[in-house]
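Please read the structure below before turning to the comments.
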Amino acid sequence: LLSSGALAARTIRAADPASEVTVAFMGLRVRGLQLTKHFLKVPNIRISHLCDIDDSVVGPTMKLIEEAGRPTPKVTRDYRTILDDPSVDGLVVATPDHWHALATVTACQAGKHVYVEKPISHNIVEGRLMVTAARRHHRIVQAGTQRRSSPNIAELTDFIQSGEIGPIHF
């Protein structure tokens, strides 16, 4: 993920890769907190907003940001305030699954790039709407796929592809 955050930073600001990229986080429980740790390792990313409807989960994320010596982000319960802020380049969506498609589509419409956690949608229709929004608004949308590159999954993939367990039907 760290490399994807750095890649996104370079891609968003291709004219000046050293410039700051401003992102907001939507969803701060377990995965949102984990993602914050990774994004804080990228020096030119500024976290401008934290968004969650549960006030009790804001504190741990805010503490991480403060301990990293980064500026204090704004806190909101309504992600639409993030979409209205022209200084925000991207939205990190780590909410419960049923928010992924709506947040991604509306963020693209608002001119934001998106990192969205898996699963990206509940069905193919939602997924197609996300792709359409990204293309129509010329936005970068990246989905979380870290498990595919973990060593144990790579080993399992090699094992399955070796044919040692016979033909795979499903």
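The values are calculated or read from the model by the stated rules, or taken from the named source; none is laboratory data. None of these values were measured; they are calculated from a predicted model. Here the Cβ is made from the backbone with ideal geometry for all residues, glycine too, and neighbour counts use every protein chain on show. SASA here: full protein model, heavy atoms, side chains in, ligands and nucleic acids out. Shrake-Rupley method; radii C 1.70, N 1.55, O 1.52, S 1.80 Å.
Per residue, the stretch 29-149 exposes an accessible area of 55 Å² to a 1.4 Å probe, with every protein chain left in place. Here residue 118 is the anchor, and the aspartates and glutamates within straight C-alpha reach of less than 19 Å, apart from those fewer than 8 places off in the same chain, are 52, 97, 126. Rounded to two decimals, what ratio of Rg to Rh does the stretch 45-146 give with C-alpha atoms and a Kirkwood Rh? Result for the stretch 45-146 is an Rg/Rh of 0.97.
What nm distance separates the two modelled labels at residue 74 and residue 140, each placed 7 Å from Cα along Cα→Cβ? According to this spin-label approximation, the distance is 2.4 nm. Ranked by solvent-accessible area (1.4 Å probe, protein heavy atoms only, all chains present), the residues 83, 129 order from largest to smallest as 129, 83.
Model label points for residue 122 and residue 154, set 7 angstrom from Cα along the Cα-to-Cβ axis, are 3.6 nm apart. Under 20 Å of direct C-alpha separation, and excluding same-chain neighbours fewer than eight residues apart, residue 41 reaches these aspartates and glutamates: 16, 20, 66, 67, 89, 117.
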